[in-house]
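Okay, structure first, notes after.
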Amino acid sequence: MRFNNDTDLYRVIGSNIKHYREQAKLTQVQLTEQAQISISYLSKIEAAGCNKSLSISVLNQIANVLGVEISEFFKEVDTK
């Protein structure tokens with residue numbers, strides 16, 4: 001996987017986190033409580049125009065709560 005810029009990278013990560021969160025039938029509040037991050041932080045991550053850098057530690061916490069491999073967040077899914 002390769003990203004042309006940070007914006008594309010953050011868009012894919014945020015979209016994947018939202019996808020796996022919804023698949024797990026969790027609200028943003030539930031995920032943030034379990035991952036021990038703030039709701040505003042998760043909202044920014046999941047927002048389409050997110051330009052906020054993310055720590056590997058936070059991605060790991062989210063992946064653990066969602067029960068997915070952290071690498072899944074970096075895979076661009078073709079939604080067409």
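The values are calculated or read from the model by the stated rules, or taken from the named source; none is laboratory data. Worth saying up front: this structure is predicted, and the values here are computed from it rather than measured. Cβ placement follows ideal geometry from the backbone for every residue including glycine, while neighbour counts extend to all protein chains displayed.
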task: Could you run through the range 28-51 and say how many residues are more than 18 Å from Arg11 (Cβ to Cβ), surrounded by 15 or more Cβ atoms within 10 Å (Cβ to Cβ) and of a type in the set (Val, Ile, Thr)?
output: 2
message: Every residue in the range 19-51 that is at pLDDT 95 or above and either of a type in the set (Asp, Glu) or within 27 Å of Arg2 (Cβ to Cβ) (or both), please.
response: His19, Tyr20, Arg21, Glu22, Gln23, Glu33
- line: Restricting the range 70-80 to residues that are free of Cβ contacts under 8 Å to residues at least 40 places away in the same chain and not hydroxyl-bearing (Ser, Thr, Tyr), the one surrounded by the most Cβ atoms within 10 Å (Cβ to Cβ) turns out to be Ile70
- request: Any chance you could count how many residues in the range 57-69 are in a helix (DSSP H, G or I) and touching a residue at least 12 places away in the same chain (Cβ under 8 Å)?
  value: 7
message: Given the options Leu54, Leu9, name the one that is at pLDDT below 95, surrounded by 12 or more Cβ atoms within 10 Å (Cβ to Cβ), part of a helix (DSSP H, G or I) and among the hydrophobic types (A, V, I, L, M, F, W, C).
response: Leu9
